[in-house]
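Below is one structure, written out as structure tokens; the observations come after it.
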Amino acid sequence: MPDRAVTTTRSGETALGQRLGGMTDPGFNRPEVHAEDALLSRRSIRSFEDKPVPNSLMRRILEAARWAPSGSNIQPWKVHVLNGEARQRYSDAIISAERNGENRDMEYNYYAPEWREPFLARRRACGFGLYSAMGIAREDKAARHEAFIDNFRFFGAATGLLFWIPSDLEHGSWLDYGTFIQSISIAAQGWGLDTIAQGALGEFPHVAHKMFEVGDDFTLIGGMSIGWMVEDNPVNQFQPGRIAVDEFTTWID
Ligand SMILES: Cc1cc2nc3c(=O)[nH]c(=O)nc-3n(C[C@H](O)[C@H](O)[C@H](O)COP(=O)(O)O)c2cc1C
């Protein structure tokens, strides 16, 4: 074992130096955060302060996240950063679509059509934990629905992102997209920001396509709320666990 923490290889340091050099000054001090600490401290946050992420900081996060890997480096991402009136307009439009009973016409299936074990139990545990953190009884459907609608308010965050992917791309590009979304979350975490990825923000693509004039050649994946968490909201205390490494790993020599 080396006697000091080796954070990167020489070629990694070269890439880091070159890439850091051209980046936007976000106007915030850059804390020293180990990559592992950023991974371990990231949690999905569901109550944010009404405080916009300045464009300089948002740009800086995207400048980091764009280094996410993608097959053949095709970089299939397209992002809308919603602030101020635009964020409010989108929230209002999808909330009224929901209240008017408009069709949730998500452009892809997030989940398999039938729930089965072990995923069903994990999903239930997640929902149960979340609603009990919020003090909502399991059978209180109306309160659960209102809690769900909070997704459409970006959980109070003043800045939100929408994620689009070219509609003709295949599974591989969706894999790429996952690395990109997590990269945004981790880059944000490094700057002391909180995030939550939200499939729910893709529930009314007809609204988003119309409002943002994006043609059918793009599919709305969903979005993200980003900003600073409300520390003392109990919903933010919810911490779903994880299965053990040996439950999903086979060691083969
Ligand atoms: C792609 C993606 C979409 C998600 N969509 C939603 C969503 O629409 N609403 C929500 O409350 N949480 C959403 N989540 C958050 C998950 O519920 C959360 O990641 C999971 O419960 C684990 O919790 P943690 O992120 O706090 O560790 C999403 C997560 C991912 C990765």
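Within the set Ile165, Ile181, Ile243, the sole residue that is assigned to a loop (DSSP other than H, G, I, E, B) and either surrounded by fewer than 17 Cβ atoms within 10 Å (Cβ to Cβ) or touching a strand residue (DSSP E or B) at 6+ places or on another chain (Cβ under 7 Å) (or both) turns out to be Ile243.
The condition of being among the basic types (Lys, Arg), surrounded by 14 or more Cβ atoms within 10 Å (Cβ to Cβ) and in a loop (DSSP other than H, G, I, E, B) holds for only one of Arg59, Arg30, Arg104, that being Arg104. The residue pairs whose first member lies in segment 111-138 and is under 19 Å from Gly199 (Cβ atoms) and modelled with pLDDT of 95 or more, whose second member is in a helix (DSSP H, G or I) and of a type in the set (Ser, Thr, Tyr), and whose beta carbons are closer than 9 Å, counting only pairs six or more residues apart or on different chains, do not exist in this structure. Of the residues making up segment 210-230, those that are part of a loop (DSSP other than H, G, I, E, B) and surrounded by 10 or more Cβ atoms within 10 Å (Cβ to Cβ) are Val214, Trp228, Val230. For segment 185-209, a residue qualifies if it is within 11 Å of the ligand (Cβ to nearest atom), part of a helix (DSSP H, G or I) and crowded, with 19+ Cβ neighbours inside 10 Å, and the qualifying residues are Ser185, Ala200, Leu201, Gly202.
Within the bounds of segment 139-150, is there any residue that is among the aliphatic types (A, V, I, L, M), within 17 Å of Met106 (Cα to Cα) and surrounded by fewer than 19 Cβ atoms within 10 Å (Cβ to Cβ)? Yes, segment 139-150 contains at least one residue that is among the aliphatic types (A, V, I, L, M), within 17 Å of Met106 (Cα to Cα) and surrounded by fewer than 19 Cβ atoms within 10 Å (Cβ to Cβ).
The values are calculated or read from the model by the stated rules, or taken from the named source; none is laboratory data. Quantities reported herein were computed from a predicted structural model and do not represent experimental measurements. Don't worry about glycine lacking a Cβ; one is built from the backbone with ideal geometry, like all the others, and counts go over all protein chains shown.
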